[in-house]
1. Report the calculated FRET efficiency for residue 62 and residue 31 (r = Cβ-Cβ distance, R0 = 22 Å), to the nearest 0.05.
2. If packing is taken as the average number of other Cβ atoms within 10 Å across a peptide's residues, how do 68-74, 101-107 rank, most packed first?
3. Which whole-number percent gives the relative contact order of region 12-121, counting Cα pairs below 8 Å spaced six or more residues apart?
4. Please report Rg (one decimal) and Dmax (integer) in Å for the Cα set of region 54-126.
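Nothing in this text is a laboratory measurement; each read-out follows from the coordinates by a stated rule. This structure is a prediction, so every number in the text was calculated from the model and none was measured. With ideal geometry, Cβ positions are generated from the backbone for all residues, glycine too; neighbour counts draw on all protein chains shown.
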Ligand code: HEC
């Protein structure tokens with residue numbers, strides 16, 4: 001019985017596919033590249049660039065008034081010596097009274113954010 005219902009559902013689905021609904025356009029053009037990793041998606045979604053900038057260089061549109069300023073994530077020289085634990089702690093608990101803490105992130109999300117931040121350094125520091 002269950003099998004028959006699945007079969008009917010599949011047939012209806014196929015019938016719908018064959019109907020005259022126009023196929024989606026083959027190429028959709030986005031004005032910016034899509035996020036490629038979970039870390040990048042979180043970085044954008046949580047608005048980290050407002051302060052840290054899209055390239056991580058600390059030039060987000062809020063950055064002018066920030067005191068202290070953020071380190072430059074795009075510099076391998078600066079980021080290299082900073083341990084993951086320090087970056088994770090800043091993300092979880094905030095830093096310097098300016099960087100907000102994001103206690104809601106899972107360990108996995110914090111790890112992915114750190115991985116993404118490190119990928120911004122030139123040459124990459126991970
Ligand atoms: C309101 C502005 C603001 C926002 C939004 C913000 N940050 Fe920050 N962040 C800062 C500032 C300023 C510092 C430097 C604080 C200090 O050095 O005392 C900082 C520090 C950090 C550090 C620590 C760097 C170090 O020196 O150890 C990390 C990692 C970080 N931010 C990641 C993020 C991520 C990821 C997000 C988004 C989820 C984010 N920040 C959102 C302002 C911000």
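1. 0.50
2. Final packing ranking: 68-74, 101-107.
3. 24 percent
4. For region 54-126, the Cα-based Rg and Dmax read 11.9, 31 Å.
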